[in-house]
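FYI, it's all coordinate maths here, none of it is from the lab. Remember, it's a predicted structure, so these values are computed and weren't measured experimentally. Here Cβ is always computed from backbone atoms with ideal geometry, including for glycine, and neighbour counts include all displayed protein chains.
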Amino acid sequence: MITTVALVTAGALIGLFWEEWRVVQIATPASADPVPGALSTPAESPPAHLNLSNRIKVEVLNGVGEAGLARRFADRMRELGFDVVATDNADHFEHQVTHVLDRSGRLGAAVEVAGGVHTDSVAVALDPDLFLDATVVVGHDWQEVLARD
C-alpha cells in the first residue's frame, strides 16, 4: 500500500513538472546589460494566450516608500494584461532593484511578469497560501523600469 501511494505521488509530481516545463517559454535578455544568469522576456504587448480565466495573478509591493508607487506599477501591470490582485508595502523600503518572486512554482509566469516590468531579477519564493503566481517588489530603480518601453 505504501509503495502504491509513493508511485501515485511520484507520478503526480512528474506530471506537474512536465506540464510546467511545456508552459515555460524561452527567455531573452530585456536589456543590453542583463544580470548574468537572469531571465526575462520582452513584453511589447500582452501575450495572446492571456484571457480572463487564466491571467497571471500578481501582487505589487512598494519597496521604496514613495506614496502611490505600488498603485502606479499595478496600473502598468493591468495594462499589460496581468491580474493584479493586491498592492501593499514591502517588508522594508531599501529594495535597490525591482524584482519578481515566483510564488506558485510556475516559473514561466514569473518570467513573463519580469518581462512586463523589464527587470532581470527573478527569484523563487514559493508561498501557495498567497494564491498568486508572482510578486513584484518595486525597488529604487523604479523610474528606469517605468521609463522602459
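Taking each residue as 0.36 nm, the span from Ala67 to Phe131 lengthens on full extension beyond its C-alpha to C-alpha distance by 20.5 nm. Fewest neighbouring Cβ atoms within 10 Å first, the residues Ile2, Ile56 line up as Ile2, Ile56. Scoring 83-91, 106-114 by mean Cβ neighbours within 10 Å over their residues and listing the highest first yields 106-114, 83-91.
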